[in-house]
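Asker: Could you have a look at this structure, given as structure tokens, before my questions?
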Amino acid sequence: MLMPILQVHSEDIPDYVIVCGDPQRAEIISRKLDSARELAFSREYRTFAGEIQGVPVAVTSHGVGSPGAAVCFEELIRAGAKTIIRVGTAGSYFAELPAGSLVVSTAAVRAEGLTYQLVPQGYPAVADSQVVDALYASALETDGLVRKGITVTLDAFFAGVEEIPHKKYKQAGVLAVEMEIAALYVIASLRGIRAGAILVLDGFADADLAKEYNPHTDIVAQAVEREIHVALQAVVKLAAE
Ligand code: R1X
């Protein structure tokens, strides 16, 4: 069956799918796979399929923000994905977690709008524990900082006039902020599949992003290489369980 928005055929989508925001990053991830081939590039959704150590895996970009990403997650699940791992970037809340650190998201604060059109308030956006364990164990096998914990999913990237309660999230121990995980976790729970996410921190969430945001540094690029490796090794671990 052809998925209308991703333009991929369900026969080509394996159990394991890595998702990332940037179509260019999807291509970078595909280069780590054996026998990689591009399946489609439709809107912001670019999909490749290949294998990692004999395990079939696809990679799809989901763009920026929960509503667009949700379209991607829903179609991947309809196409047959059983485990989806987001490989992304996020802003840090803690000086001890500078740019280049990794965070495995165990759950997301639903500070976005999309999931309120899917499930009632109070429904958790929570990762699958096996996926979290595989990501965290794989990350510990690499050099560099990694933490696991709660992240927050926002809709707004650049600030407007409304206050985003960054201070309260930080006081409540939220590690990092990004824009798609709540959608992924809620949709995965609703549709009965496993999901998890690993993030590279690319700056500080409470900075003035309009002035200070620059994710194009060597430190971030190296950490993205590391998180891609971690995510693919997590797929290998999960497939062996
Ligand atoms: O999730 C966030 C969003 O997709 C992280 O990076 C993007 C904004 O630059």
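Asker: Among residues belonging to region 26-42 that are farther than 29 Å from Thr153 by Cα and either part of a helix (DSSP H, G or I) or among the small types (Gly, Ala, Ser) (or both), point out the one that is farthest from the ligand (Cβ to nearest atom).
Answerer: Filtering region 26-42 for residues that are farther than 29 Å from Thr153 by Cα and either part of a helix (DSSP H, G or I) or among the small types (Gly, Ala, Ser) (or both), the one farthest from the ligand (Cβ to nearest atom) comes out as Ser35.
Asker: Moving on. Against the definition (without any contact (Cβ under 8 Å) to a residue 24 or more places away in the chain, within 16 Å of the ligand (Cβ to nearest atom), within 23 Å of Val57 (Cα to Cα) and not hydroxyl-bearing (Ser, Thr, Tyr)), how does Ala231 come out, yes or no?
Answerer: On the way: without any contact (Cβ under 8 Å) to a residue 24 or more places away in the chain: no; within 16 Å of the ligand (Cβ to nearest atom): yes; within 23 Å of Val57 (Cα to Cα): yes; not hydroxyl-bearing (Ser, Thr, Tyr): yes.
Answer is no for this residue.
Asker: Hand me the list of strands (runs of 3 or more DSSP E) wholly inside region 43-92 holding 3 or more residues that are more than 16 Å from the ligand (Cβ to nearest atom). So that I can check it myself, show each step before the final result.
Answerer: Values: elements: 45-52, 55-61, 83-92.
Strands (runs of 3 or more DSSP E) meeting the threshold: 45-52, 55-61.
Asker: Please state which of the following conditions Lys148 fails to meet, knowing it meets all the rest: (1) under 12 Å from Tyr93 (Cα atoms); (2) in a strand (DSSP E or B).
Answerer: Tallying (1) under 12 Å from Tyr93 (Cα atoms); (2) in a strand (DSSP E or B), Lys148 fails exactly one: (1).
Asker: Looking at region 187-228, which of the residues that are acidic (Asp, Glu) and in contact (Cβ under 8 Å) with a residue 24 or more places away in the chain is nearest to the ligand (Cβ to nearest atom)?
Answerer: If we filter region 187-228 for residues that are acidic (Asp, Glu), which is where we start, we get 202, 206, 208, 212, 218, 225, 227.
Now narrow it down to the ones that are in contact (Cβ under 8 Å) with a residue 24 or more places away in the chain: 202, 206, 208, 227.
Working: Asp202: 7, Asp206: 15, Asp208: 15, Glu227: 13 Å.
Checked region 187-228; the qualifying residue nearest to the ligand (Cβ to nearest atom) is Asp202.
Asker: Select from region 156-187 the residues that are part of a loop (DSSP other than H, G, I, E, B), in contact with a strand residue (DSSP E or B) (Cβ under 7 Å, 6 or more places away or on another chain) and of a type in the set (A, V, I, L, M, F, W, C) and list them in ascending order.
Answerer: Across region 156-187, the qualifying residues are Ile164, Val174, Leu175, Met179.
Asker: Next question, about the same structure. Please go through region 121-169 and pick out each residue that is closer than 12 Å to Ala111 by Cβ and within 16 Å of the ligand (Cβ to nearest atom).
Answerer: Within region 121-169, Ala125, Ile150, Thr151, Val152, Thr153, Leu154, Asp155, Ala156, Ile164, His166, Tyr169 qualify.
Readers should treat all values here as calculations from the given coordinates under stated rules, not as data from a laboratory. The structure displayed is predicted, hence computed values, not measured ones. With ideal geometry, Cβ positions are generated from the backbone for all residues, glycine too; neighbour counts draw on all protein chains shown.
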